[in-house]
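*Asks:* One structure coming up, written as structure tokens, with questions to follow.
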Amino acid sequence: MNSRLSTWIILGLTLTFLIGPFLIIIAAALSAGNNLAFPPQGLSLKWFIKVFEVESFRASFGVSMFLAIFGTLAALVLGIPAAYAMTRFKVPGAETVKLIVSSPIIVPGIIVGLALLQYFVIPLGVGIGLALFLAHTALILPYAVRVVSASMENLRVDMEEAALMLGCTRFGAFRRIVLPNIRGGVLAAFILGFVTSFNQVPVSLFLSGPGLRTLPIDMIAYMEINYDPSVAALSALLAFMSIGIVFAAERFIGLSRYV
Amino acid sequence: MFENRAIGLALVLPAAIFAAALFLLPVGILLSEAFRTETGWSLSAYGEFFASPRNQTVFFRTLKLATLVAAVSAVIGYAAAFAIVSLPPTSRGRMFGLVTLPLMISPVARTYAWLVILGRTGFVNQILVDLGLIETPIRILFTETAVFIGLLQLFLPLMIISLVSAMENMPRDAVPAARILGANWLQVFWKVILPLTREGLVIGGTLVFTGSMTAYITPAILGGSKVLMLETLLYQRVTVANDFVAASVIAMILIVMSFSANLLLKRLATARKSR
């Protein structure tokens, strides 16, 4: 058996299966026809332009962006102190706390969305927008704590101790010593959180209404009614956005070191 | 390590309270829904849920598809991981990047692609008709096959990643040594590769299995109401029938599955650290 040849055949087939569909989406999005098809009927960029003209896509893109940015920031505000405490202090019940904070990863998103809607939003009269924000924050919190904790663990404690001995306050030591040193980890957590939140569907499923939808939910709703290539164009654009963000992150901060 | 417990606790509490109030409490109430009846606590909701033939079908279909996806991704994963590990370092890194690339793409986009490929006027049907293999387009969408293909494509990268990292930890000479000693490839796999990568297989298998069990988008788009899985059944029960008891039972099944998988992974991780 020619092992070099078989290696490349196996990899070729695997990549065709994994990446081929994505290339087909791009091709279908470049179609000049009005129906979703591959191979495309003629070439044009009209569906890529149409995407920006669909009112609901613009609104839901804004919602998703807002959730991804501010939900992740909120998760970091909660998560950084928690990660700091768990790697630097003897916290009573640390294991329990860890389990509670990481529970959002273990529980499937659709259940979280439903439970929040039924036992938090409805009884307390909370707005659906706020609920979406809180749900996305909670969803990202485990990632924020885990990634930031990992980079705190790599940071030697004696630098902080030195700062404290030299008369720095504990907060001062955190701000001047810890924060600058875990910058990469925080950025990695932000990017991971952003991409996770932006692509998230199940959590938002029950927490979306006609007036307020995240972009992926809106795309699903659109493709149930329309059979044109605009969702293909949007999918391609979003994929390039995610890949671009992750690649830039890999290049500048070495994302894969943190996750 | 600082000794001050009060400060530590104060720093952890906001996150813990947030997760508890927004997660544990609502999810706990949802789970308790199935045990509460007018006369007190009972398990009858579970009996009723599993007595329904439709629910049984969905339950076993979900288990079957998740098992099948895990098994097939293991087979493809071993071939792909072995091929990746045997590449020279630079192309190995590049290939690893290409395999993980789909993980960054929105699952909606990845699932949507299969509509184009598997649809009635889709790519596959066109080829089959053009080749004269079939006369009229066959239905592939909204079958278990479509859901299976979608899930496999969604989760295969996780299996490959787990197996690649397991194989990178394998002693470099193990496979050549076995070959020189006269083992054929099947023997090499069973006696050398499989035992040495068992941990990676378990990790990958658990990720793929739970991922497929708890997937929503793929069965929703590629299976529709014809091929319900547990998550799509939950959605349908709530939105169509307002049936929170069924939702509660399904939630319990999914959480128990997901939680035990997590425990297993954690145990493996700590076992590896202490070695």
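*Asks:* If the requirement is being surrounded by fewer than 20 Cβ atoms within 10 Å (Cβ to Cβ), touching a residue at least 12 places away in the same chain (Cβ under 8 Å), at negative phi and within 11 Å of another protein chain (Cβ to nearest Cβ), which of these qualifies: B:Leu68, B:Leu103? Outline the logic, then answer.
*Replies:* Numbers: B:Leu68 fails: within 11 Å of another protein chain (Cβ to nearest Cβ).
Just one listed residue meets the conditions, B:Leu103.
*Asks:* Could you list, in sequence order, the residues of segment B:200-232 that are aromatic (Phe, Trp, Tyr) and more than 11 Å from chain A (Cβ to nearest Cβ)? Talk me through it step by step, then tell me what you get.
*Replies:* Of all residues in segment B:200-232, those aromatic (Phe, Trp, Tyr) come to B:209, B:216.
Passing the criteria: only B:Phe209.
*Asks:* Further question on the same structure: With the requirement that a residue be of a type outside the set (Val, Ile, Thr), more than 9 Å from every other protein chain (Cβ to nearest Cβ) and under 25 Å from the mean Cα position of the chain (by Cα), what does segment A:117-130 give you?
*Replies:* Of segment A:117-130, the ones of a type outside the set (Val, Ile, Thr) are A:117-120, A:123-125, A:127, A:129-130.
After this cut, where a residue has to be more than 9 Å from every other protein chain (Cβ to nearest Cβ) as well, the list is A:123-125, A:127, A:129-130.
Of everything in segment A:117-130, those that are of a type outside the set (Val, Ile, Thr), more than 9 Å from every other protein chain (Cβ to nearest Cβ) and under 25 Å from the mean Cα position of the chain (by Cα) turn out to be A:Gly127, A:Gly129, A:Leu130.
*Asks:* Kindly indicate the residue of segment B:220-275 that is charged (D, E, K, R) and over 30 Å from B:Arg36 (Cα atoms) and also surrounded by the fewest Cβ atoms within 10 Å (Cβ to Cβ) among those meeting that condition. Please lay out each step first, then the result.
*Replies:* Let us first name the residues in segment B:220-275 that are charged (D, E, K, R), namely B:226, B:231, B:237, B:243, B:266-267, B:272-273, B:275.
Going one step further and asking which of them are over 30 Å from B:Arg36 (Cα atoms), we end up with B:226, B:266-267, B:272-273, B:275.
Values: B:Lys226: 12, B:Lys266: 10, B:Arg267: 10, B:Arg272: 11, B:Lys273: 7, B:Arg275: 5.
Applying the filter and picking the extreme gives B:Arg275.
*Asks:* Is at least one residue of segment B:85-105 part of a loop (DSSP other than H, G, I, E, B), touching a Phe, Trp or Tyr at 6+ places or on another chain (Cβ under 8 Å) and within 27 Å of A:Ile25 (Cβ to Cβ)? Even if it seems obvious, please write down each step before you answer.
*Replies:* Looking only at segment B:85-105, we keep the residues that are part of a loop (DSSP other than H, G, I, E, B), and these are B:86-88, B:105.
Those left that are additionally touching a Phe, Trp or Tyr at 6+ places or on another chain (Cβ under 8 Å): B:105.
Going one step further and asking which of them are within 27 Å of A:Ile25 (Cβ to Cβ), we end up with B:105.
Looking through segment B:85-105, at least one residue is part of a loop (DSSP other than H, G, I, E, B), touching a Phe, Trp or Tyr at 6+ places or on another chain (Cβ under 8 Å) and within 27 Å of A:Ile25 (Cβ to Cβ).
*Asks:* May I pose another question? Residues in segment B:43-64: is at least one out of contact with any strand residue (DSSP E or B) (no Cβ under 6 Å at 6 or more places or on another chain), aromatic (Phe, Trp, Tyr), farther than 23 Å from B:Met229 by Cα and in a helix (DSSP H, G or I)? Outline the logic, then answer.
*Replies:* The initial filter retains those residues of segment B:43-64 that are out of contact with any strand residue (DSSP E or B) (no Cβ under 6 Å at 6 or more places or on another chain), namely B:43-64.
After this cut, where a residue has to be aromatic (Phe, Trp, Tyr) as well, the list is B:46, B:49-50, B:59-60.
From the residues that got through so far, the ones that are farther than 23 Å from B:Met229 by Cα too are none.
Looking through segment B:43-64, none of the residues is out of contact with any strand residue (DSSP E or B) (no Cβ under 6 Å at 6 or more places or on another chain), aromatic (Phe, Trp, Tyr), farther than 23 Å from B:Met229 by Cα and in a helix (DSSP H, G or I).
*Asks:* Which one of A:Leu114, A:Leu18 is within 30 Å of B:Glu33 (Cα to Cα), within 7 Å of chain B (Cβ to nearest Cβ) and surrounded by 15 or more Cβ atoms within 10 Å (Cβ to Cβ)? Please lay out each step first, then the result.
*Replies:* On the way: A:Leu18 fails: within 30 Å of B:Glu33 (Cα to Cα).
Matching residue, one of A:Leu114, A:Leu18: A:Leu114.
*Asks:* Taking into account only those residues within segment A:177-191 that are assigned to a helix (DSSP H, G or I) and β-branched (Val, Ile, Thr), which is surrounded by the fewest Cβ atoms within 10 Å (Cβ to Cβ)? Show your work before the answer.
*Replies:* Of all residues in segment A:177-191, those assigned to a helix (DSSP H, G or I) come to A:177-181, A:183-191.
Retained after the next criterion (residues that are β-branched (Val, Ile, Thr)): A:177-178, A:186, A:191.
On the way: A:Ile177: 18, A:Val178: 21, A:Val186: 20, A:Ile191: 22.
So the residue we want is A:Ile177.
*Asks:* On the basis of being within 11 Å of another protein chain (Cβ to nearest Cβ), crowded, with 23+ Cβ neighbours inside 10 Å and either free of Cβ contacts under 8 Å to residues at least 60 places away in the same chain or assigned to a helix (DSSP H, G or I) (or both), does A:Ala82 make the cut? Walk me through how you get there before you give the answer.
*Replies:* Numbers: within 11 Å of another protein chain (Cβ to nearest Cβ): yes; crowded, with 23+ Cβ neighbours inside 10 Å: yes; either free of Cβ contacts under 8 Å to residues at least 60 places away in the same chain or assigned to a helix (DSSP H, G or I) (or both): yes.
For A:Ala82, the condition - within 11 Å of another protein chain (Cβ to nearest Cβ), crowded, with 23+ Cβ neighbours inside 10 Å and either free of Cβ contacts under 8 Å to residues at least 60 places away in the same chain or assigned to a helix (DSSP H, G or I) (or both) - is met.
*Asks:* Do the conditions hold for A:Ile245, that is, is it of a type in the set (Val, Ile, Thr), in contact (Cβ under 8 Å) with a residue 60 or more places away in the chain and either touching a strand residue (DSSP E or B) at 6+ places or on another chain (Cβ under 7 Å) or surrounded by 16 or more Cβ atoms within 10 Å (Cβ to Cβ) (or both)?
*Replies:* Numbers: of a type in the set (Val, Ile, Thr): yes; in contact (Cβ under 8 Å) with a residue 60 or more places away in the chain: no; either touching a strand residue (DSSP E or B) at 6+ places or on another chain (Cβ under 7 Å) or surrounded by 16 or more Cβ atoms within 10 Å (Cβ to Cβ) (or both): yes.
Answer is no for this residue.
*Asks:* Still on this structure, please answer the following. Please verify whether B:Ala246 is in contact with a Leu (Cβ under 8 Å, 6 or more places away or on another chain) and outside any helix (DSSP H, G or I), treating the condition exactly as stated. If you could, list the steps in order and put the result at the bottom.
*Replies:* On the way: in contact with a Leu (Cβ under 8 Å, 6 or more places away or on another chain): yes; outside any helix (DSSP H, G or I): no.
For B:Ala246, the condition - in contact with a Leu (Cβ under 8 Å, 6 or more places away or on another chain) and outside any helix (DSSP H, G or I) - is not met.
*Asks:* If I go through segment B:233-252 residue by residue, how many of them are touching a residue at least 12 places away in the same chain (Cβ under 8 Å) and more than 9 Å from chain A (Cβ to nearest Cβ)?
*Replies:* Our first condition is that a residue be touching a residue at least 12 places away in the same chain (Cβ under 8 Å); within segment B:233-252, this holds for B:233-235, B:237, B:244-252.
Next, from what is left, pick out any that are more than 9 Å from chain A (Cβ to nearest Cβ): B:233, B:237, B:245-246, B:248-249, B:252.
Result for segment B:233-252: 7.
Values in this text are rule-based calculations from the coordinates and carry no lab data. Computed from a predicted model, the values in this text were never measured in an experiment. As a convention, Cβ positions derive from the backbone with ideal geometry for all residues, glycine included, and neighbour counts pool all protein chains shown.
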